[in-house]
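Contents: one structure, followed by commentary.
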Amino acid sequence: MADNITIKDGAAADVTMRSTNTSGIIQVPMSIPTNTAGNAAAFGSGANGVTVPRVALATDSPGVTTLGQTVAAGSLPVVEASDYVPLGGYSIFRSLDLDETEEAVKATAGQLYKLRITNNATSARYVKFYNDTTANVVVGTTVPVDTIVMPPAAAAGTPTVLTESYGPAGVAYSVAITAAATTGLADNDTGAPAANDIVITAFYK
């Protein structure tokens, strides 16, 4: 078969039949539209005189309007929760003698991210957190939002240490973060731990 046979198709653009030798004997025709003025906008030129159709790729992001644009205009960077660190780092509250008298971890609303609690007593102690200010919290009357049971020390001088992490989201306190410790579990307990029984460090924002 002769190469480059042009076929007339009425008012449509001409079609060129380009053949290829597939076995050394038989040539198989391939229909490839020519890049004429009538379809120049629809097709682009390829190598060796072969025209290649242009492909328009759709995007599911309406903000991406330019070929090669990787970020929609005006978009903000994405931060995964696992990568979150509060700007400026955490603030720290520390008490060497947390007892039945309430103490302010933070006097206003905030997030509690991490705790380290040490129990030096040879009996259990109970650390209680309240979502209110020290002015409004009355240990034994105000109901805590969280109670942490601290197991007893194995012996004098061998304390139990608990580290509690609340992850990147933290725990939200909408009013304030207040803490206290008692010798009993009940919400209405007011038992007083001995001096330095409970040592606490709180990381908050």
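Data overview
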| read-out | value |
| --- | --- |
| For segment 124-136, Karplus couplings with θ = phi - 60° (6.51, -1.76, 1.60), whole Hz, Gly/Pro x | 5, 10, 10, 9, 10, 10, 10, 8, 6, 7, 4, 5, 9 |
| Virtual spin-label span in nm between L185 and R116, 7 Å along Cα→Cβ | 2.8 nm |
| Label-to-label distance, nm, for residues given as I92 and T147 (7 Å Cα→Cβ offset) | 3.1 nm |
| Dipole magnitude (debye, nearest 20) for segment 99-164, charges at Cβ of Lys, Arg, Asp, Glu | 220 debye |
| Normalised contact order of segment 90-204, rounded percent, pairs of Cα under 8 Å and 6 or more residues apart | 49 percent |
| Dipole magnitude of segment 90-204 about its Cα centre (Cβ charges: Lys, Arg +1; Asp, Glu -1), debye to nearest 20 | 380 debye |
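Readers should treat all values here as calculations from the given coordinates under stated rules, not as data from a laboratory. Not measured: the values here are computed from a predicted model. Every residue, glycine as well, gets a Cβ built from its backbone with ideal geometry; the counts of neighbours run over all protein chains shown.
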